[in-house]
1. Enumerate the helices (runs of 4 or more DSSP H) found wholly within the stretch 210-288, keeping only those where 3 or more residues are within 16 Å of ligand 1 (Cβ to nearest atom) and either farther than 25 Å from residue 175 by Cβ or at pLDDT 95 or above (or both).
2. State all residues of the stretch 390-410 that are in a strand (DSSP E or B) and buried (at least 23 other Cβ atoms within 10 Å of the Cβ); if no residue qualifies, say none.
3. Sort out which residues of the stretch 348-389 are crowded, with 22+ Cβ neighbours inside 10 Å and part of a loop (DSSP other than H, G, I, E, B), and write them in order of number.
4. Which of the residues belonging to the stretch 56-75 are more than 14 Å from ligand 1 (Cβ to nearest atom) and assigned to a helix (DSSP H, G or I)?
5. Would you check if there is a residue in the stretch 221-228 being over 19 Å from residue 127 (Cβ atoms) and surrounded by 13 or more Cβ atoms within 10 Å (Cβ to Cβ)?
6. What number of residues within the stretch 291-304 are under 16 Å from residue 263 (Cβ atoms) and surrounded by fewer than 22 Cβ atoms within 10 Å (Cβ to Cβ)?
7. Which condition does residue 332 not pass, out of (1) surrounded by fewer than 21 Cβ atoms within 10 Å (Cβ to Cβ); (2) out of contact with any helix residue (DSSP H, G or I) (no Cβ under 6 Å at 6 or more places or on another chain); (3) part of a helix (DSSP H, G or I), if it passes all the others?
8. Which residues, taken from the stretch 151-183, are in contact with a strand residue (DSSP E or B) (Cβ under 6 Å, 6 or more places away or on another chain) and assigned to a strand (DSSP E or B)?
Ligand SMILES: [Ca+2]
Ligand SMILES: [Ca+2]
């Protein structure tokens, strides 16, 4: 057995041990609401993508602009100014990736081959024009565009860099035909810098005085200076609800990834997830980004405010800090699972080790002195843990090629960022993609890995416990 195989075996053992320890909690069912959250199909046209228990899914996150350029003709978007023009030498500019590129990769079988069942696409809405970038650092003086999608100009239009509305619909239909669900990334906390809404409806945004007067800066103050919606106003709530409902009605998306969840008021989320709200779990699954490593904080968004799932930042932080070097303390990872009692149902979490906001796991290992070989082995270990633990795994583009990435392009030069263009050629140089396929197959085969409790085990098609089948179609 070589070192790599040994690491793999260790990874499997660690993960299974932790997973089984989670089994011991044997979470009690929480009534009809949760059952519907897991089981009810979304009532939207074209939504025919198979099972509706999201614990059975494995999610791939594509940052569309950085994934695949299927149509060079749209690379300059609306070409409003220089900042709309694609420039792959600038990590803060548009690079050309689009819906056509994603669709082609679906047709090629790219996602299915690795066992993915759902694709989370970065926000699709029209972005504000580029702004001036950093004053210092490696990207000083460069234009800074909304290539990531989090700077909305118009919440009801597709950004032309990504394609047209018809192309977006075609992408979703192609995904469904190929057994893949589509998760749309939505932002209700803020608009883009200088968005038209800030001029037509300035009263819709928190003022500096309101920010200063508030004890809850997370909610009432601008994030990175972005215009912060005043969800307390009924008109704003209605507008944002309409925005989220619009995309469901128009496109047949299967899920929502909700950005900056802790930056909007609790009352907003309560109505959002209520019956009749745009995130009603009986109609659509969603996962919220609550950037916080405390299970008690994360649990509140699911159990008190109604979110079907949130990203498991608690597990992310433990894995990042303690699986990335020989000096790590696995007890800290086990400690996260030991807190699973904080959640009414920890199997509803969405797990990850990489995303577009954090240092990639491979770079965490390298930064702690690990070699590239060790980084790849530890990545395997971390993914093994992810796929054999409770929660729906989500994998960020580039992880399948063991891509490195130090952080947000704002602070790093091209080649060092966590949002590099997807390098498909690198697939031939590693085995992480094959490992992901094997792990996804294991999740399909052993429901204990997705259910995390002994009484829910059995084949996915076998009779399910009554609390789980209630309300299923
Ligand atoms: Ca393009
Ligand atoms: Ca806010």
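The values are calculated or read from the model by the stated rules, or taken from the named source; none is laboratory data. Here the structure is a predicted model, which is why all the values come from computation and not from measurement. As a convention, Cβ positions derive from the backbone with ideal geometry for all residues, glycine included, and neighbour counts pool all protein chains shown.
1. Details: elements: 217-220, 234-251, 266-273.
Result: empty, no element qualifies.
2. We begin by selecting, within the stretch 390-410, every residue in a strand (DSSP E or B); these are 392-396, 407.
Residues satisfying the conditions are 392, 393, 394, 395, 396.
3. 349, 352, 353, 354, 360, 388, 389
4. Within the stretch 56-75, 56 is the sole residue that qualifies.
5. Residues of the stretch 221-228 that are over 19 Å from residue 127 (Cβ atoms), as a first pass: 221.
Next cut, surrounded by 13 or more Cβ atoms within 10 Å (Cβ to Cβ) only: 221.
Yes: one or more hits.
6. Narrowing the stretch 291-304 to residues under 16 Å from residue 263 (Cβ atoms): 291-292, 297-298, 300-301.
Subsequent filtering for residues that are surrounded by fewer than 22 Cβ atoms within 10 Å (Cβ to Cβ) retains 291-292, 297, 300.
Going through the stretch 291-304 one residue at a time, the tally reaches 4.
7. Result: residue 332 fails condition (2) only.
8. Answer for the stretch 151-183, where residues must be in contact with a strand residue (DSSP E or B) (Cβ under 6 Å, 6 or more places away or on another chain) and assigned to a strand (DSSP E or B): 152, 153, 154, 155, 157, 181, 182, 183.
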